[in-house]
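Worksheet: the structure to be examined is printed underneath.
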Amino acid sequence: MKKLMMALCLIPLMGVAHAAEHEPKQCDDHKHHMKHKKTGDMPFYLRDIDLTATQQAQVKAMMEKRHADRKAGKGEYWEIKKAIHELTRAEDLNEAELEKLIDKSMTIKKEAAMARARFHHEIYNLLTAEQQQQLEARLEAWKQKHKQS
């Protein structure tokens, strides 16, 4: 009976010991498994397409520029969000100011969507006709896979 009790007490410890051996890798003090994009990484949809060295360099430069532009634009957007939050917590709601801030926020969102569309357009036009066909096939396969789910 003592052996059985000892065995039952050791089972949870074995699980904890096993988990400690296989601790997830951490990046920048974040405890998750997400793979972060680094500045200049390939867009996910180009990873399996064979690009020439020139194309890779061009895409990397475009990604670095896009990353810098997005980082610079986030500050103003979050300041507006903070101001909207403060307005909603005020004793009296200044609807004219709120509308102005929301319009500004929507303008920033629209500009970001336009920049994203321009970026993808430039990437697509950088590819050869064969590479564009490969990309279209991958996107179609992805759509079919997620359509069934």
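We did not get these values from a lab; they are worked out from the coordinates using the rules stated. The shown structure was predicted, so the numbers you read here are calculated from the model rather than taken from an experiment. For neighbour counting, all protein chains shown are included, and Cβ atoms are generated from backbone atoms with ideal geometry for every residue, glycine included.
Some observations on this one:
- Near Glu130, once Lys and Arg are set to +1 and Asp and Glu to -1 for all other residues with Cβ below 12 Å from its Cβ, the sum equals -2.
- Efficiency of FRET between Ala141 and Lys74 - r from beta-carbon atoms, R0 30 angstrom, step 0.05: 0.35
- Within the stretch 68-93, backbone nitrogen closer than 12 Å to the virtual label 7 Å beyond the Cα of Ile108 toward Cβ: 71-85
- Charged neighbours of Leu87, selected by a Cβ distance under 14 Å, balance to -3 (K, R count +1; D, E count -1).
- Theoretical gain in end-to-end length, Lys82 to Tyr124 [0.36 nm per residue, Cα-Cα removed]: 11.5 nm
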